[in-house]
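Everything below concerns the one structure shown next.
Read the figures in this text as sums done on the coordinates, not as results from a lab. Note that the coordinates shown come from a computational prediction; the quantities given were computed from them, not determined experimentally. As a convention, Cβ positions derive from the backbone with ideal geometry for all residues, glycine included, and neighbour counts pool all protein chains shown.
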Amino acid sequence: EAGAEYAITQPVFDPAQLESFLRRVEGLRIPVIAGIWPLVSARNAEFLANEVPGVTVPDAVLDRMRRASAVSKEHAVAEGIAIAREMLAGVRHSVQGVQVSAPFGKAELAVDVLA
């Protein structure tokens with residue numbers, strides 16, 4: 001009613017949470033674009049979980065990122081991309097599009113999620 005033509009969510013790390021949101025806005029009849037964010041480290045995941053209002057990072061995702069970060073930076077980035085791909089696969093049937101972020105200006109990470 002206020003003129004919104006579409007909505008973009010915060011980064012999705014829990015498809016069930018997105019499904020709950022979609023049920024609540026079902027009658028609005030505007031496209032919903034899901035935010036997809038490739039995590040780059042455990043610290044990045046912890047920051048989003050604790051400092052960014054509206055973003056929920058489940059314990060399972062935090063644990064995966066902690067384990068990956070303990071191995072190496074490269075392993076953490078690869079795990080973050082894997083998680084983002086899982087989120088993309090988990091939400092794509094429920095939304096009208098996705099917006100894949102390029103954390104810290106690293107566009108190649110967004111491209112890797114879509115590859």
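How much mean residue ellipticity at 222 nm does the chain get from its helices, if each DSSP H run of length 4 or more adds -39500 (n - 2.57) and you divide by all residues, to the nearest 500 deg cm²/dmol? Don't jump to the answer; show the numbers that get you there.
Numbers: 5 runs with 60 residues, N = 115.
Mean residue ellipticity at 222 nm (helix-derived): -16000 deg cm²/dmol.
Taking only the alpha carbons of the chain, we obtain Rg and Dmax values of 14.4, 50 Å in that order. On the beta carbon distance between VAL25 and ALA78, with R0 = 22 Å, the FRET formula returns roughly 0.05.
Relative contact order of the range 7-114, taken over Cα pairs closer than 8 Å and 6 or more residues apart, is 36 percent. Inter-label distance, GLU1 to PHE47: 3.9 nm, where each label sits 7 Å from its Cα along the C-beta direction. Residue-wise HN-Hα couplings along the range 79-84, as the Karplus relation 6.51 cos²θ - 1.76 cosθ + 1.60 with θ = phi - 60° gives them from phi, are 5, x, 5, 4, 5, 4 Hz; Gly and Pro carry x.
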